[in-house]
1. Looking at this model, which pairs from B:LYS111/B:LYS187; A:LYS117/B:LYS11; A:LYS49/A:LYS117 are more than 18 angstrom apart at the alpha-carbon?
2. When Lys and Arg each count +1 and Asp and Glu each count -1, what net charge do the other residues less than 13 Å away from B:VAL251, Cβ to Cβ, add up to?
3. Compute the signed sum of charges (Lys and Arg +1, Asp and Glu -1) over the other residues within less than 9 Å, Cβ to Cβ, of A:PHE121.
4. Report, in deg cm²/dmol and to the nearest 500, the calculated mean residue ellipticity at 222 nm for chain B, where each DSSP H run with n ≥ 4 adds -39500 (n - 2.57) and the sum is divided by the residue count.
5. GNM, chain B, Cα, under 10 Å: largest mean-square fluctuation among B:ASN113, B:ASN105, B:ASN206?
6. For the protein assembly as shown, just say rounded, prolate or oblate: build the C-alpha gyration tensor, square-root its eigenvalues into a ≥ b ≥ c, call rounded for a/c under 1.5, and beyond that prolate if a/b exceeds b/c, oblate if not.
7. Give me a single rounded figure for B:3-10: the average over its residues of other chain Cβ atoms within 10 Å of their Cβ.
8. Averaged across B:15-24, how many Cβ atoms of other chains sit within 10 Å of each residue's Cβ atom?
Amino acid sequence: MQEELIKIIRHEQARLFRLANSYVHDEQQALDIVQITVEKAFRKLKQIKEPKYLKIWLIRILINTAIDMQRKNQQTKEYTTEVKKDLVTPISVSLEQQIALAEELKQLSEMEQQVIKLHIFEELSLDETANIIGKPTSTIKSLYYRSLKKLEKKLGE
Amino acid sequence: MKIEEMKARYKSQDIPEFALKERINQTIAKKTRQWFGWWEITIGVAIIVASFVIAVNTSYQFVNATSRISGLKDLVSLVLVREYKHVDKTSWADIQVPLVAQIDNQKLANKLNTQYANEGRQLDTEFKQDTKHRTVRQSFSKVYQDQKLVVLKRRITKTAADSLVEDKYTVIDLKHGLVLTLAMLFKNNHYQKLLADFVNKQTQANFKIKAHDIKDNFYINEQGKLVLVFASGLIAPAYLNVQKVVIPIGVIKQDLVSTNYIRK
């Protein structure tokens, strides 16, 4: 099983990095997340019986690690962002039309963001996405269409 | 921004493949290491040391060969040479100044080391005069090295109420002993406008840059692509940290002097 895991880690490394970076927007931290994920995967490898679930399991560990890291970052940044909000005048509507990728995604709930990242950006199937998030495929499917609509509405404004 | 554009932007994140591979390999090695008994290690080390000592002392050819094996000689490295530290109740600084080591070209090494030392000292002076930035930190790392290029990086973080993160890259052509600049890669000055236009296509309306904002902060990644680097807050909201823009070769090919460095 260890050999399969190594093979999958090497095959998925770019995807793991991109996903991690989409949470923390920092190269060093994204590398840390990938490293912690690999460590965790080796430590808990015994839990896995079927090699075909390795990829999904690995991505799930990565997302959890990334969310943890993101939370830690927010705790340290809270003070600075509060100050910033007061200083910046409200953004005008015309500017809002072209918001950066991260800002667009921030409009969606955590789970909706995950669906968009995994299914659209990373081109994983709906089944795989559902397995990573840990919900039935039908739920993910309706969530996908809903978040797509929500996003298109935001983008169209 | 359309969803396809969002996807393209997501996919165009620059992946530091060298560092990524290295981290993963290290972790895998750590997790799969098989331990020998202490006496096996001792004997093993003793044999290696003994054979190396004998070989170096008895064979001129061996000495010659080791000096050519990369890893024993050719790998450029950065070491800490000076650290400006300052701590009091309301502020602190930790400015690490690198020294380029294990580089054959002494002239180039001197030039870079003087530059790094000067810029480090300047950061320290600015910190002492400036009442605004209450923390300053500089760290450094080697991004990668291949047969042609060495890419070095220094990261500067200044924090007051707001924080500014800046990455400064140095791209070295070892064979020719050169530090690359953008002007060297392009035929004429038109490149600044060309690159600025390309970057502006991807940024929000309130983050547009001018041609003269295209400075020499760039590197060439392991795939041979040109990557421009911008400090936080320059082309995107500050919380997104340092931004990198990968330039597709199609955009610049006609203006390049050669595809020697930028290949893809």
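1. Numbers: B:LYS111/B:LYS187 25 Å; A:LYS117/B:LYS11 10 Å; A:LYS49/A:LYS117 27 Å.
In this structure, B:LYS111/B:LYS187; A:LYS49/A:LYS117 exceed 18 Å between Cα atoms.
2. Summing Lys and Arg as +1 and Asp and Glu as -1 gives +3.
3. +2
4. It lands at -12000 deg cm²/dmol.
5. Of B:ASN113, B:ASN105, B:ASN206, the most mobile in the Gaussian network model is B:ASN206.
6. It comes out oblate by the Cα gyration axes.
7. 6
8. Across the residues of B:15-24, the mean count of other-chain Cβ atoms within 10 Å is 5.
Every read-out reported here was derived from the displayed coordinates using simple, explicitly stated rules and does not represent laboratory data. Note that the coordinates shown come from a computational prediction; the quantities given were computed from them, not determined experimentally. Methodologically, a virtual Cβ is constructed for each residue, glycine included, from the backbone with ideal geometry; neighbour enumeration extends over all protein chains shown.
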